[in-house]
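Just so you know, all these numbers are worked out from the coordinates, no wet-lab data involved. Keep in mind it's a predicted model, so treat the numbers as computed, not measured. Glycine also receives a Cβ, built like all others from the backbone with ideal geometry; neighbour counts cover every protein chain displayed.
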Amino acid sequence: MSKTWNIDKQGLLIGCAAVAGTLVLCTVFATNNHLANGLVMGKVCWFHLSMLCLFIGLLGICLFEKRLRFSFSLPDGLILLLAGATLVTYDWSLNPEPEKLLFGGQLLLWWFGLRFLFEQYTSLRFYFLFILLLTGWIEAVWGLSQLYGYSYSNHSLFRLTGSFFNPGPYSGYLAITLPIGLWMILRFQKLSNLIGWICTGTILLILPAGMSRSAWLAAFIACGWLFWIERIGWAKTKKFILNISKKSLSLYIILIIGIGLLFSGLYNLKKDSADGRLLMWKITAQAISKQPIQGVGLGGFPATYANEQGNYFNTGQAIGQEPFVAGCPEYAFNEYLQIGLEQGVIGLLLFLLWIGITCLQGIRSKQYGSVGGLIALSIFALSSYPLQLPSFWVVLLLLGATCVTQTNTFSSSIGIKIIVCLLLFGSTSLFGRQKKYYKAYQEWKQLQVLYKNNAYTSITDDYVAWHTQLKHKPEFLFEEAQCLHKAERYKEAIHVLELAKQLSGDPMIRYMLAKNWQALKNYPQAESELLQAIAILPERIYPYYLLTKLYAEPDFYQPVKLREVAKIVLTKEAKVESSAIREMREETQLLLENNITNNTF
């Protein structure tokens with residue numbers, strides 16, 4: 001009877017851990033339409049809640065299991081050092097990303113919770129990978145239903161988004177889960193093999209439709225590596241190389257040319273997009289060189305990038321189409337460069353070392369499916385922004401923990417119980433802190449309904465009331481400033497926008513600042529803001545239009561400058577012709593005609 005109870009008890013504990021882990025892995029599907037930015041914040045809130053469930057399950061394991069296993073490894077130490085680097089480089093006075101800090105703390109607990117679970121119950125490694133593959137399959141089915149019109153996408157410009165906001169990260173997620181499906185096909189038989197075929201086939205059906213070159217390349221390289229290590233290996237490769245004859249040289253030349261043509265085709269598929277990313281990387285690299293050690297801190301990328309791009313264009317060193325393809329991105333579209341800028345070169349080296357050692361340990365333990373997923377994510381991160389989204393961090397740490405966990409561990413039950421209790425306390429504390437933001441996002445969502453209906457003055461005080469809770473969100477600050485501007489509270493709006501300018505590179509913030517300075521009749525300051533905005537994005541027509549109106553002010557009238565900027569508004573090529581551009585040009589033309597009529601030129 002006692003033996004049966006022990007077997008049932010262990011099965012129950014494994015089942016509880018599996019359910020809790022499944023809830024965490026379902027973070028990718030979580031959305032909340034009652035929150036502002038519900039696609040992302042829904043995932044964040046779900047992750048915090050599911051992590052609390054996970055650690056309650058871990059506490060149950062500590063109470064009922066007699067032998068607990070855990071061994072500290074080098075990747076554990078590296079991930080702690082990376083967390084330390086993030087805290088040391090963080091700008092605590094500005095506090096730009098308090099919620100990312102909370103999320104990062106919960107991710108650290110996710111890592112150690114997985115490490116404990118996998119060493120305690122080795123079978124959970126395969127189970128969690130299986131669940132991860134199923135999430136990829138569900139995303140693929142979801143995408144197919146969007147593509148054929150059976151469900152709505154999350155973006156008005158794209159039919160295919162899955163549970164994400166646009167096709168880019170959606171395709172990246174599929175590319176990461178694809179190697180796991182291929183691994184199941186190559187490694188297992190019967191049911192697992194069949195499931196691998198179904199999931200892999202479904203993902204391959206939808207992946208090309210995402211039009212993400214980064215995802216295609218990541219999937220191709222990761223799956224190619226996986227097939228090579230499972231079916232070919234070093235021995236056959238060395239033998240093949242040694243048997244190469246001089247006659248085969250022409251074939252390799254053709255192969256190299258073919259690879260070159262492939263990359264050229266991928267580049268020309270979305271040339272402007274590729275040129276834009278090259279410019280981003282160039283500007284980010286220049287910013288890193290100016291503060292390589294200390295970095296700018298978590299959340300410091302957008303404002304730093306905008307300032308650096310403005311300085312770059314002011315030097316007159318821009319080449320080709322760089323001004324035309326320039327933007328003010330929230331992310332570097334290269335996670336390694338963004339980590340290098342925000343956490344400094346030391347933080348970047350720690351991250352690269354963690355990835356490298358984790359993959360090596362995964363190869364040694366023959367966890368090739370997990371390593372394939374890590375390779376796909378690492379390649380996708382070269383030209384996209386997966387680590388700026390919560391779902392990818394959850395997957396990254398799961399794959400890493402699967403690679404690192406070994407079976408030859410030692411037992412130290414008392415110490416482990418204390419650590420798990422501390423982790424549960426930490427998870428509960430982080431959940432409580434994040435919950436404080438939940439109400440703020442709910443209220444913000446309700447305010448946005450009125451904001452989008454132009455009821456600015458009626459909600460101004462409500463925005464001001466939630467300023468303290470949401471002052472780290474530049475989108476909120478811009479909306480608050482817009483309401484203050486409409487209520488003619490210009491000085492307050494300027495104060496809010498100055499804070500937003502430290503958090504974001506969005507030129508609209510400077511445009512709004514200029515409007516408020518102009519309303520206060522501080523025309524030189526308004527001019528300064530617009531000129532800075534033009535330096536950052538010289539091909540935008542809107543700031544020249546605002547300058548035209550500024551130079552036409554009776555108290556700041558400057559006819560020569562007015563003619564110069566008006567000519568730019570009327571003749572500059574627009575990226576996309578629209579009714580707004582036509583209206584600006586018509587108004588500018590009318591302004592010029594009125595001034596000529598009044599003999600002001």
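Odds and ends about this structure:
- Across the chain, the mean sequence separation of Cα contacts (distance under 8 Å, 6 or more residues apart), normalised by length, yields a relative contact order of 18 percent.
- With θ taken as phi - 60° and the Karplus curve 6.51 cos²θ - 1.76 cosθ + 1.60 applied, the whole-hertz 3J(HN,Hα) list for segment 121-132 is 10, 4, 5, 5, 4, 5, 4, 5, 5, 4, 5, 4 Hz, x standing for glycine and proline.
- Ordering Leu109, Thr89, Phe158 by the projection of their Cα atoms onto the charge dipole of segment 49-172, which places +1 on the Cβ of Lys and Arg and -1 on the Cβ of Asp and Glu, puts Leu109 at the extreme positive end.
- Sum of side-chain charges, Leu59 neighbourhood, beta-carbon under 14 Å (Lys, Arg +1; Asp, Glu -1): 0
- For segment 454-532, size of Cβ-based charge dipole, Lys and Arg +1, Asp and Glu -1, in debye: 160 debye
- Normalised contact order of segment 541-601, rounded percent, pairs of Cα under 8 Å and 6 or more residues apart: 34 percent
- Shape of segment 64-121, Cα gyration tensor, a/c cut at 1.5: prolate
- Each part gets one Cα centre, and for segment 134-148 versus segment 344-411 those centres are 25 Å apart.
- 30 Å Cα-Cα threshold exceeded, pairs from Lys549/Lys575; Lys417/Lys471; Lys366/Lys435; Lys238/Lys366: Lys417/Lys471; Lys366/Lys435
- With neighbour counts taken as other beta-carbon atoms within 10 Å, the residues Leu59, Leu25 rank, fewest first, as Leu59, Leu25.
- The packing ranking, built from the mean of other Cβ atoms within 10 Å per residue, places the peptides 533-541, 174-182, 12-20 in the order 174-182, 533-541, 12-20, highest first.
- Centre separation in Å (Cα based) which lies between segment 91-122 and segment 175-215: 29 Å
- Our helix-only sum for the chain, with -39,500 (n - 2.57) per DSSP H run of n ≥ 4 divided by its residues, gives a mean residue ellipticity at 222 nm of -24500 deg cm²/dmol.
- Phi angles of segment 379-395 translate, via the Karplus equation with coefficients 6.51, -1.76, 1.60 and θ = phi - 60°, into HN-Hα couplings of 6, 4, 5, 5, 9, 8, 9, x, 7, 8, 10, x, 4, 6, 5, 4, 5 Hz per residue; Gly and Pro are given as x.
- Cα-based helix-to-principal-axis angle, 559-571 vs the chain, degrees rounded to 10: 50 degrees
- Listed pairs Lys436/Lys473; Lys452/Lys473; Lys282/Lys491; Lys43/Lys473 exceeding 26 Å between Cα atoms: Lys282/Lys491
- Global form of segment 454-532, assessed from the alpha-carbon gyration tensor, a/c cut-off 1.5: oblate
- Between the Cα long axis of helix 38-64 and the first principal axis of the chain there is an angle of about 30°, rounded to the nearest 10.
- For Gly505, the residues whose amide H sits under 5 Å from its own are Ala303, ignoring neighbours fewer than 5 places away on the same chain, with H placed 1.01 Å from N.
- Backbone HN-Hα couplings from phi across segment 273-282 [Karplus 6.51/-1.76/1.60, Hz, Gly and Pro as x]: 4, 5, 5, x, 5, 4, 5, 4, 5, 5
- Long-range HN-HN contacts of Ala332 with modeled amide H, under 5 Å: none
- Cβ-based net charge around Phe29, under 12 Å, with every Lys or Arg adding one and every Asp or Glu removing one: 0
- Residue exposure sequence - Asp76, Asp8 - by fewest surrounding Cβ within 10 Å: Asp8, Asp76
- Order by protection proxy (mean Cβ within 10 Å, highest first), peptides 581-591, 393-403: 393-403, 581-591
- Which of Trp466, Trp110, Trp183, Trp46 has the fewest Cβ neighbours within 10 Å, and the rest in rising order: Trp466, Trp46, Trp110, Trp183
- Separation between Cα centres of segment 480-510 and segment 12-87, rounded to whole Å: 38 Å
- Other residues lying with their Cβ under 10 Å from the Cβ of Ala332 contribute a combined charge of -2, Lys and Arg counting +1, Asp and Glu -1.
- Straight-line cross-link reach from Lys445 at under 15 Å between alpha-carbon atoms covers these aspartates and glutamates, not counting any fewer than eight positions away in the same chain: Asp462, Glu475, Glu479, Glu480.
- Between helix 579-597 and the chain there is an angle of about 20 degrees, using the helix long axis and the longest principal axis of the Cα atoms.
- Projected onto its three principal axes, the C-alpha set of segment 104-243 covers 53, 43, 32 Å, listed from the longest axis down.
- Across the options Met51, Asn311, Pro474, the greatest Cα extent toward the positive end of the charge dipole of the chain (unit charges at beta carbon of Lys, Arg, Asp, Glu) belongs to Met51.
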